[in-house]
Protein chains: 2
Amino acid sequence: MHSDRFQEIRSLPLFADISDESFAALTRGAYVQNFPPHIEMITEGDPADFLHIVASGRIELFSSWDRSESSIAFLKPYDTFILAATIKDRPYLMSARTVEKSRIIMIPSEDIRTVFERDSDFAKAIVVELAICYRGAIKQMKNIKLRSSAERLANYVAKHHKRAGSTGSFELPVEKRKLASFLSMTPENLSRAFAALRDHGVEVSGSLILIKDPEKLDAYAKPNSLIDG
Amino acid sequence: MHSDRFQEIRSLPLFADISDESFAALTRGAYVQNFPPHIEMITEGDPADFLHIVASGRIELFSSWDRSESSIAFLKPYDTFILAATIKDRPYLMSARTVEKSRIIMIPSEDIRTVFERDSDFAKAIVVELAICYRGAIKQMKNIKLRSSAERLANYVAKHHKRAGSTGSFELPVEKRKLASFLSMTPENLSRAFAALRDHGVEVSGSLILIKDPEKLDAYAKPNSLIDG
DNA sequence: CGGTTCTTTGAGGACCATCAATACGCGTGG
DNA sequence: CCACGCGTATTGATGGTCCTCAAAGAACCG
């Protein structure tokens, strides 16, 4: 069957509850594209012709202004982007590039809007997805506005350590230069912030982060479900 | 008729296209509440029992952490808050307080979710509203991450000047201390930033902002529809 | 291997926060 | 009307955080 190519996304929250008919309508015009690493696939300001879904690989969302740029988010399978622009039929607010080789599923915005009108289960799923995105953006804003750069890094380390199973170590999923930008600091400062975390139970060796003393780290980071949750 | 009290919000984007039946269901359990100035009406972390709509007055959304706080947004009639928490049935991420005496319409979250399930026009309106909120949050993040504090102020002034009709002057809608927090700077620094804007065609007298040379201001602010739009 | 890019470290400076003191605005009550 | 008190706004002095610039070391890749 034609839509077999897209079975991998059928069970995503965005599509799990919609009818087979709606899913078929969404995937009929969709296609899969492979991108090599470090390719800019979306440029901010362009019209939002497709909803994108990360099937494999890793994507960086970033934004530029006056010859400086800043990382806004990193996406992994099966995150979607950029739903809001698709729905509103407005230009992208962020650019997107591959961090590594990635496979992307692209669904025409037209089809999204059509099915959205017809299938209320899909509309509901979109609402939930958007609400999650919005709340994520607010959390990130609080993170930047309320915490120092060292605290942001400490919380980043604590969060990813837990996410990786609290095994005492984890690999940074992106290079440090991008992480620095994501955390609103320079690469130089990130180095110094990592050095400062040694006093709080964290050691660094390349992209491998060792958490020697999780409690000590948490005591410093003071993670908060309303920012990091 | 019972729902007459709420005619003022019937034509809001969120409700304009929904059926009379749905609107009645939403307003049946709703009520209007008056708040004096400087009252904290919502505390972050609390369950989101109501969708709030500003009927009159002015509301500040802010967030606290480790005995510091930061303004996230200012709301005017007829802005809504906080839709995402209501939909997701999660706790508020931000606190809200009145800036001035305000009248607030409150609709039980339960009713929002019920009508949301039944009326796809309402679901669609919510999607649009959420998409706008999300894009607004992203723009604000870009503003903070990509511009200096003086540039943020310059763009704030330029934007509000245009919004007020480009008449050469406008009144600040909030006190400077709150504006400073909103723009991620201290009150002292805001003073100095205003002083710096004198070189770019802006003069200040109390809460009255005079734009002597709009082109000069724009040349410095470099407003961008993907950040300020 | 050689070139490229990223990371780290150091020195200096810009920006911004903090602290402190003064000035201003405004409402209250004398 | 003026004195007073309170909160806010401004201004100056100082210090800390963070950025910039520069250079060396490390990792990556052809």
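Between B:A125, B:F50, B:S181, the Cα set farthest toward the positive side of the dipole of the protein assembly as shown (charges on each charged residue's Cβ, about the Cα centre) is that of B:S181.
On the beta carbon distance between B:S205 and A:S225, with R0 = 51 Å, the FRET formula returns roughly 0.70. Across segment A:29-44, rounded Karplus estimates of 3J(HN,Hα) from the backbone phi angles (6.51 cos²θ - 1.76 cosθ + 1.60, θ = phi - 60°) give x, 7, 8, 10, 10, 9, 10, x, x, 6, 9, 7, 9, 9, 10, 4 Hz, Gly and Pro being marked x. The phi torsions of segment A:86-103, fed into the Karplus equation with coefficients 6.51, -1.76 and 1.60 and a -60° offset, translate into couplings of 4, 5, 7, 6, 10, x, 4, 8, 10, 8, 9, 9, 6, 8, 9, 3, 9, 10 Hz, rounded to whole numbers, with Gly and Pro shown as x. If you take all other residues with their beta carbon under 12 Å from the beta carbon of B:A25, and give Lys and Arg +1 and Asp and Glu -1, the sum is -3. The amide H of B:A73, built 1.01 Å from its N in the peptide plane, has B:L61 as neighbours under 5 Å, considering only residues 5 or more places off or on other chains.
Ordering B:S149, B:I105, B:S64 by the projection of their Cα atoms onto the charge dipole of chain B, which places +1 on the Cβ of Lys and Arg and -1 on the Cβ of Asp and Glu, puts B:S149 at the extreme positive end. A simple charge model with +1 on the Cβ of Lys and Arg, -1 on the Cβ of Asp and Glu and nothing else charged puts the dipole of segment A:59-108 at about 120 debye relative to its Cα centre. Under 16 Å from a label point set 7 Å out along the Cα-to-Cβ vector of A:E69, the amide N atoms of segment A:25-47 belong to A:36-46. Please grab the % of Cα pairs in chain A that end up more than 25 Å from each other. Percentage above 25 Å: 46.
Take A:D4, push a point 7 Å out from Cα through the beta-carbon direction, and compare it with the same point in every other copy: 6.5 nm, smallest first.
Shielding value for B:142-151 is 4, the average number of Cβ atoms from other chains within 10 Å of each residue's Cβ. In this structure, A:K212 and A:S148 have a Cβ-Cβ separation that, at R0 = 25 Å, corresponds to a calculated FRET efficiency of about 0.70. Annotation: amide H-H contacts under 5 Å for A:L51 (H modelled 1.01 Å from N, sequence separation of 5 or more, or interchain): A:I107, A:S109. For the peptides A:39-47, B:77-85, residues were scored by their other Cβ atoms within 10 Å and the scores averaged per peptide; the highest-first order is B:77-85, A:39-47. Close amide H pairs (under 5 Å, H built 1.01 Å from N) link B:E100 with B:H38, B:R58, residues at least 5 positions away or on another chain.
Inter-chain Cβ neighbour count for A:117-126, averaged per residue, equals 4 (cutoff 10 Å, partner chain atoms only).
When only Cα pairs under 8 Å and 6 or more residues apart are kept, what is the percent relative contact order across chain B?
Taking the mean separation of contacting Cα pairs over the length of chain B, I get 20 percent.
In a DSSP loop and with at most 11 other Cβ atoms within 10 Å, the trypsin sites (Lys or Arg not before Pro) in segment B:19-122 are B:R67.
Electrostatic tally near A:I82: other residues with Cβ closer than 15 Å to its Cβ, Lys and Arg +1, Asp and Glu -1, net -1. Note the angle between two axes, namely the Cα long axis of helix B:187-197 and the longest principal axis of the Cα atoms of chain B, as a number of degrees from 0 to 90, rounded to the nearest 10. On a 0 to 90 degree scale, this one is about 60. The long axis of helix B:109-118 is offset from the longest Cα principal axis of chain B by roughly 70 degrees. When every Cα-Cα distance of segment B:1-122 is counted in 5 angstrom steps from zero, the calculated P(r) takes the values 2, 11, 21, 24, 20, 13, 6, 2, 1, 0 percent.
If I take R0 = 60 Å and measure r between the Cβ atoms of B:E21 and A:H160 in this structure, what FRET efficiency does the formula 1/(1 + (r/R0)^6) give, to the nearest 0.05? Once the sixth-power term is evaluated, E becomes 0.80. Take the Cα of B:T43, go 7 Å toward its beta carbon, and the backbone nitrogen atoms of segment B:88-103 under 12 Å from that spot belong to B:95-96.
Protection proxy ranking for A:142-153, B:196-207, B:162-173, B:120-131, using the average of other Cβ atoms within 10 Å per residue and placing the highest first: B:120-131, A:142-153, B:196-207, B:162-173.
Distance between Cα centroids, segment B:205-229 to segment B:37-76: provide it in whole Å. The distance from the Cα centre of segment B:205-229 to that of segment B:37-76 comes to 27 Å.
The smallest convex shape that holds all Cα atoms of the protein assembly as shown, its convex hull, gives 153 Å³ per residue.
Note on the protein assembly as shown: helix-only mean residue ellipticity at 222 nm, from DSSP H runs of 4+ residues weighted -39500 (n - 2.57) and normalised by residue number, equals -13000 deg cm²/dmol. Relative to the longest principal axis of the Cα atoms of chain A, the long axis of helix A:149-163 lies at roughly 60 degrees.
Every read-out reported here was derived from the displayed coordinates using simple, explicitly stated rules and does not represent laboratory data. Remember, predicted model here, so these are calculated numbers, not experimental data. Please note: Cβ atoms are built from the backbone with ideal geometry, for glycine as well, and neighbour counts cover all protein chains shown.
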